[in-house]
Amino acid sequence: MTAFQERISALTAGRWARVVLALVAGVLAALVHPPFGFLPGLVAYPLLMLLAERSDSVRGAFWIGWLAGFGYFLVSCWWVAEAFLVNPAQAWMAPFAASLLPAGIGLFWGAAAALYRRFGPQGLSRVMVFAALFALLEWLRGHVLTGFPWNPAGAGWAAGSAASQFASVAGVYGLGLVTVAAACAFGPMVSTGPRKGRVGVALAGAAVFALLIVGGTVRLAGAQVRETPTVVRIVQANVDQQSKWTPEAYRSIVDRYVNLTGQAGATVPDLIIWPEGALPASFDTVFAPGSPDGAAIANALLPGQTLLAGFARGEGDAGGGARYYNSLIALEDEGGSGLRIAAIYDKHRLVPFGEFLPLGGLMGALGIRSLVHMPADFSAGPTPAPIDLPDGSRVQPLICYESLYPGFTPAGRGRPEWIVNVSNDAWFGATSGPIQHLNLASYRAIETGLPVVRATPTGVSAVIDPWGRVIEGQRLDSGESGVIDARLPAPAEVTLFGRIGHLSFWLMVLAGLAPLVRSFRGRWTAG
């Protein structure tokens with residue numbers, strides 16, 4: 001054992017030292033993600049692998065993994081507390097939200113570390129086993145219950161960068177598996193064993209990083225953004241969430257959206273896009289018969305234009321009650337006959353505590369309310385599917401954090417030509433949340449080969465090309481007010497991920513777990 005290995009062994013020998021290092025590992029891993037972009041933080045993954053190996057027991061490894069996950073999600077998701085500060089009556093919930101969310105989803109990291117400590121082999125193949133187990137638990141985090149796939153490991157690469165292009169092959173989860181495996185390949189360098197084998201694994205990890213960057217660079221070198229004749233206008237009125245629901249603000253908000261919609265530009269837009277929940281009123285109220293607000297919106301549109309706007313809407317159910325949906329509604333101006341509802345998309349993936357209250361009776365008894373300004377919780381819409389617009393084009397809507405989920409967009413004959421993501425990131429103010437949300441939404445472009453048009457009330461709104469890059473000059477940051485007028489980019493060819501979905505990811509997971517099968521077979525034979 002070298003002097004360096006002895007120092008590492010001594011550093012990780014104490015229980016409290018491992019606790020501190022686990023928290024540090026989680027924080028470092030979180031700092032890899034935008035807006036920080038601290039790529040040396042990838043050292044967190046081999047550190048976590050090492051700490052799990054040297055834990056006293058499977059239970060100890062679980063708590064080490066959980067602490068790392070807690071640190072990771074505390075840094076990644078602290079901005080959720082901002083949503084509870086909008087309404088002073090709910091401010092008491094902010095510290096609980098900021099701590100309980102990381103504590104809950106940190107369990108997935110704990111499970112990954114515990115499984116690795118229990119089943120991980122002793123040889124160099126443990127690198128792939130750890131990466132596969134970690135990626136498997138990342139996937140489960142995005143799917144168990146409603147799922148919360150915020151900042152998976154693969155999204156640490158800024159969308160549009162060279163390395164991020166591997167998501168077109170295996171999705172963001174596959175990119176995460178490869179990234180964690182390549183980083184962990186350097187872990188055995190601080191362990192004992194034949195030096196030649198340890199160096200070989202580290203060189204393999206370096207080669208994987210190099211291939212990610214070189215392969216992505218080649219892909220981007222051949223990327224040519226083509227424009228369609230369709231001109232879209234994104235409206236960002238910069239209406240903050242705190243003042244939005246005050247009665248005196250309503251008129252000015254309507255006027256702001258109407259004025260920006262009708263604002264003269266270099267070209268006349270074909271599509272105008274408003275963000276999720278643009279106005280502090282439901283669709284049924286704004287467009288009620290005789291409503292001056294509906295008339296003002298209609299007057300702001302030119303004949304043939306289509307407005308895509310996020311609204312809450314109500315609908316009667318069979319029992320005589322009402323159901324409420326968070327919807328994206330396409331309204332076509334038919335000239336003298338007014339506005340026509342051309343299409344409706346109802347949000348399928350709802351935000352717990354934001355749009356519905358899990359265990360509503362219990363939570364209500366505890367004084368906990370959802371954040372929405374509605375008479376009841378939202379209902380989930382049907383399975384997501386593209387909608388057809390009056391101009392004959394097909395678009396896949398993603399409302400708010402639906403843009404976090406890979407695989408919503410169909411390929412083949414049902415493939416849309418673009419993705420529209422409307423979101424209300426005003427809940428999170430000028431924090432890292434809106435920037436990370438933009439990064440995650442941009443991965444849907446890389447995975448599908450489709451452009452993404454993103455509209456938010458306070459930023460970040462943008463037009464994103466099929467390679468995940470924000471097009472120059474087509475971005476409004478947090479706190480900015482205005483419009484983006486842009487020609488809609490044409491779709492690129494269907495990606496491998498678009499054709500086969502998560503199949504590549506699952507094949508990599510199975511390959512990574514193959515050493516466990518050999519290990520179990522050996523134990524069975526020996527028994």
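The values are calculated or read from the model by the stated rules, or taken from the named source; none is laboratory data. Only a predicted model underlies this, so the values are computations on that prediction, with no experimental measurement involved. Positions of Cβ are generated from backbone atoms using ideal geometry, with glycine treated the same way; all protein chains shown enter the neighbour counts.
A few remarks follow.
- Of all residues in region 200-229, those satisfying the criterion of being outside any loop (DSSP other than H, G, I, E, B) and not aliphatic (A, V, I, L, M) are Gly200, Gly205, Phe209, Gly215, Gly216, Thr217, Arg219, Glu227, Thr228, Pro229.
- Checking each residue in region 319-330 for being more than 17 Å from Ala380 (Cβ to Cβ) and surrounded by fewer than 13 Cβ atoms within 10 Å (Cβ to Cβ) picks out Gly319, Gly320.
- Single match in Arg313, Arg256, Arg233, Arg323 (criterion: part of a helix (DSSP H, G or I) and of a type in the set (Lys, Arg)): Arg256
- Note on region 77-95: residues that are more than 18 Å from the chain's Cα centre (by Cα), more than 15 Å from Asn424 (Cα to Cα) and not in a helix (DSSP H, G or I) total 2.
- A search for C-beta distances below 6 Å between a residue of region 416-434 that is in the same structural domain as Gly479 (by TED's automatic domain parsing) and any residue that is crowded, with 22+ Cβ neighbours inside 10 Å and polar (S, T, N, Q), counting only pairs 6+ apart in sequence or on different chains, returns Pro416/Gln396; Ile419/Gln396; Asn421/Ser403; Ser423/Thr456; Asp425/Thr456; Ala426/Gln241; Ala426/Thr458; Trp427/Gln241.
- Selection count where residues are surrounded by 22 or more Cβ atoms within 10 Å (Cβ to Cβ) and either modelled with pLDDT of 95 or more or in a helix (DSSP H, G or I) (or both), scope region 111-125: 6
- Flag if Asn439 is at pLDDT 90 or above, touching a Leu at 6+ places or on another chain (Cβ under 8 Å) and surrounded by 15 or more Cβ atoms within 10 Å (Cβ to Cβ): no
- Residue in region 174-189 that is part of a helix (DSSP H, G or I), surrounded by fewer than 19 Cβ atoms within 10 Å (Cβ to Cβ), out of contact with any Gly (no Cβ under 8 Å at 6 or more places or on another chain) and not acidic (Asp, Glu) present: yes
- Of note, Gly310 does not satisfy the criterion of being surrounded by 12 or more Cβ atoms within 10 Å (Cβ to Cβ) and modelled with pLDDT under 95.
- Residue that is modelled with the highest pLDDT, among those in region 376-393 that are within 21 Å of Ala312 (Cβ to Cβ) and of a type in the set (Gly, Ala, Ser): Ala385
- In region 452-475, the residues that are surrounded by fewer than 24 Cβ atoms within 10 Å (Cβ to Cβ), at positive phi and under 17 Å from the mean Cα position of the chain (by Cα): Gly459
- Meets criteria (at pLDDT below 90, within 30 Å of Ala426 (Cβ to Cβ) and within 20 Å of the chain's Cα centre (by Cα)) for Ala98: yes
- Taken over region 409-437, the residue count meeting the criterion of being under 18 Å from Val453 (Cβ atoms) and under 17 Å from the mean Cα position of the chain (by Cα) is 11.
- The condition (being at pLDDT 95 or above, in a loop (DSSP other than H, G, I, E, B) and buried (at least 20 other Cβ atoms within 10 Å of the Cβ)) is satisfied by just one residue among Pro280, Pro275: Pro275.
- Meets criteria (surrounded by fewer than 24 Cβ atoms within 10 Å (Cβ to Cβ), within 25 Å of Phe148 (Cβ to Cβ) and either of a type outside the set (A, V, I, L, M, F, W, C) or outside the structural domain of Val172 (by TED's automatic domain parsing) (or both)) for Ser478: yes
- Residue within region 421-442 that is farther than 26 Å from Ile253 by Cβ, in contact with a helix residue (DSSP H, G or I) (Cβ under 7 Å, 6 or more places away or on another chain) and of a type outside the set (Lys, Arg) present: yes
- Gly310 being closer than 23 Å to Ser481 by Cβ and outside the structural domain of Asn87 (by TED's automatic domain parsing): yes
- Filtered by the rule that a residue be surrounded by 16 or more Cβ atoms within 10 Å (Cβ to Cβ) and more than 25 Å from Phe428 (Cβ to Cβ), region 222-249 gives Thr228, Thr230, Val231.
Residues checked against (1) surrounded by 15 or more Cβ atoms within 10 Å (Cβ to Cβ); (2) at pLDDT 70 or above; (3) in the same structural domain as Ile446 (by TED's automatic domain parsing); (4) not in a helix (DSSP H, G or I):
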{"residue": "Leu362", "(1), (2), (3), (4)": "no, no, yes, no"}
{"residue": "Gly367", "(1), (2), (3), (4)": "no, no, yes, yes"}
{"residue": "Ser370", "(1), (2), (3), (4)": "yes, no, yes, yes"}
{"residue": "Val395", "(1), (2), (3), (4)": "yes, yes, yes, yes"}
